[in-house]
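Peer 1: Have a look at this one before I ask anything.
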Amino acid sequence: MSGATTPREGYFAPRAGRVLCIAHRGARSVAPENTILAAQRGLEEGADLWELDVQLTADGHLVVVHDDTLERTTDVASRPEYANRAPWRVCDFTLDEVRGLDAGGWYHAADPFGQVASGGVTADDLALFPGLRIPTLDEALAFTADHGWRVNVEIKDMTVNADGSPGSPTYPGDAAVVRAVLESIRAHGLTEQAILSSFRHDYLRHAAAMEPALALAALVEDVRPADPVALCRDLGVVAYHPGDDIVTEADVAALRAMGVAVNVWTVNEEADMRRFIDWGVSGLITDFPLLCWGILREKGLA
């Protein structure tokens with residue numbers, strides 16, 4: 001990854017000398033995650049792009065949900081018609097069923113980041129949450145394109161659920177899932193505005209073969225790869241997305257030296273944001289984009 005800038009590397013070229021503020025599942029500290037409203041809040045709070053998660057419904061539609069079950073971020077567990085369908089896996093619900101769930105009403109009581117209690121989320125904000133819907137990938141990308149924004153699309157592992165059970169019985173295969181995501185990105189004219197990431201690195205290999213112009217990022221968590229530089233070189237990615245607990249300052253320096261961007265997740269504390277900025281990271285993936293943007297602006301990096 002040296003010499004002339006490739007189409008994939010070009011994603012970061014206009015941002016040289018800056019640090020990206022990436023709204024994790026939208027600005028989910030102040031709005032229900034992975035909804036269009038959370039994306040809107042991230043845009044309003046100065047994020048350079050938002051990050052979203054893609055899952056498959058039982059009838060093969062791409063929807064924006066992080067967990068492989070619907071319990072945490074919808075009202076599915078309180079719906080009598082679905083009482084016998086626990087654990088309410090995304091892959092067992094059709095698109096119509098998913099779209100019929102309330103993806104925002106849970107937020108007030110859960111107050112996942114304490115922003116309701118602290119006043120960071122107002123009564124007027126809360127009034128917008130009940131009745132929010134899980135968006136399709138097409139809807140999320142349409143919002144991104146309509147606002148001239150950028151997006152990090154993370155493809156979740158759809159072959160197995162967190163409890164070890166098999167994923168969707170209608171799963172069409174790794175290449176087909178990647179192809180469907182790429183078709184959606186292309187349809188919205190976002191090939192140069194999107195980053196595709198995944199913990200499933202074989203998905204990234206498929207994407208590299210199918211769409212040479214798309215920026216790709218390797219997600220890693222829990223255990224630091226033995227050689228992050230070698231991993232990124234092998235995968236041909238332009239970005240490395242490590243969990244904040246496994247990245248080292250030496251990793252950042254080595255990866256940046258070879259032209260690989262380093263976007264760390266999930267960075268929510270001011271002290272951590274400042275530390276990673278001082279290390280020279282390319283971007284911060286955060287649930288608090290307004291805080292991140294303020295620090296970057298202070299440092300002249302926004």
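Peer 1: Give the residue, chosen from 86, 123, 162, that is among the small types (Gly, Ala, Ser) and at pLDDT below 95.
Peer 2: Within the list 86, 123, 162, the selection yields 162.
Peer 1: Quick one: which of 145, 103, 109, 140 is loosely packed, with under 13 Cβ neighbours inside 10 Å, aliphatic (A, V, I, L, M) and modelled with pLDDT of 95 or more?
Peer 2: Only one candidate qualifies: 109.
Peer 1: Scan (1) within 21 Å of residue 158 (Cβ to Cβ); (2) surrounded by fewer than 16 Cβ atoms within 10 Å (Cβ to Cβ) for the single condition residue 245 breaks and write down its number.
Peer 2: (1)
Peer 1: Within the range 246-276, track down each residue that is hydrophobic (A, V, I, L, M, F, W, C) and either more than 24 Å from residue 222 (Cβ to Cβ) or touching a helix residue (DSSP H, G or I) at 6+ places or on another chain (Cβ under 7 Å) (or both).
Peer 2: 252, 254, 255, 257, 258, 260, 262, 264, 267, 273
Peer 1: Within the range 35-75, restricting attention to residues that are without any contact (Cβ under 8 Å) to a residue 24 or more places away in the chain and surrounded by fewer than 19 Cβ atoms within 10 Å (Cβ to Cβ), which residue is nearest to residue 293 (Cα to Cα)?
Peer 2: The qualifying residue nearest to residue 293 (Cα to Cα) is 44.
Peer 1: So, one more: Within the range 280-302, track down each residue that is of a type in the set (A, V, I, L, M), at pLDDT 95 or above and in contact with a Gly (Cβ under 9 Å, 6 or more places away or on another chain). Lay out the reasoning, then the answer.
Peer 2: Of the residues in the range 280-302, the ones of a type in the set (A, V, I, L, M) are 281, 284-285, 290-291, 295-296, 301-302.
In the following step, the residues that additionally are at pLDDT 95 or above were identified as 281, 284-285, 290-291, 295-296.
Of everything in the range 280-302, those that are of a type in the set (A, V, I, L, M), at pLDDT 95 or above and in contact with a Gly (Cβ under 9 Å, 6 or more places away or on another chain) turn out to be 290, 296.
Peer 1: Right, another one. Please enumerate the residues belonging to the range 143-179 that are in contact with a Leu (Cβ under 6 Å, 6 or more places away or on another chain) and farther than 25 Å from residue 27 by Cβ.
Peer 2: 158, 168
Peer 1: Within the range 211-229, work out how many residues are touching a residue at least 24 places away in the same chain (Cβ under 8 Å) and loosely packed, with under 15 Cβ neighbours inside 10 Å.
Peer 2: Filtering the range 211-229 down to residues touching a residue at least 24 places away in the same chain (Cβ under 8 Å) leaves 211-217, 219-222, 224, 228-229.
Remaining after also requiring loosely packed, with under 15 Cβ neighbours inside 10 Å: 212-213, 221-222.
Qualifying residue count, the range 211-229: 4.
Peer 1: At least 3 residues that are within 18 Å of residue 65 (Cα to Cα) and touching a strand residue (DSSP E or B) at 6+ places or on another chain (Cβ under 9 Å) in each: list the strands (runs of 3 or more DSSP E) lying fully within the range 156-268 that qualify.
Peer 2: Here the list reads 194-198.
Peer 1: Are any residues in the range 162-190 touching a Ser or Thr at 6+ places or on another chain (Cβ under 9 Å), aliphatic (A, V, I, L, M) and surrounded by fewer than 16 Cβ atoms within 10 Å (Cβ to Cβ), and if so, which ones?
Peer 2: Passing the criteria: only 162.
Peer 1: Hey, can you tell me all the residues within the range 201-210 that are closer than 22 Å to residue 136 by Cβ and crowded, with 18+ Cβ neighbours inside 10 Å?
Peer 2: Going residue by residue through the range 201-210, those that are closer than 22 Å to residue 136 by Cβ are 203, 206-207, 210.
Hits for the range 201-210 are 203, 206, 207.
Peer 1: Which members of the range 76-89 meet the condition of being touching a helix residue (DSSP H, G or I) at 6+ places or on another chain (Cβ under 9 Å) and either crowded, with 24+ Cβ neighbours inside 10 Å or among the hydroxyl-bearing types (Ser, Thr, Tyr) (or both)?
Peer 2: 76, 82
Let's see how each residue does on (1) modelled with pLDDT of 95 or more; (2) farther than 22 Å from residue 106 by Cα:
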site	(1), (2)
16	no, yes
20	yes, yes
25	yes, no
31	yes, no
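Peer 1: Find the residue count for the range 253-271, including only residues that are surrounded by 23 or more Cβ atoms within 10 Å (Cβ to Cβ) and either of a type in the set (S, T, N, Q) or over 19 Å from the mean Cα position of the chain (by Cα) (or both).
Peer 2: The number of residues fulfilling the criteria is 2.
The values are calculated or read from the model by the stated rules, or taken from the named source; none is laboratory data. The shown structure was predicted, so the numbers you read here are calculated from the model rather than taken from an experiment. For neighbour counting, all protein chains shown are included, and Cβ atoms are generated from backbone atoms with ideal geometry for every residue, glycine included.
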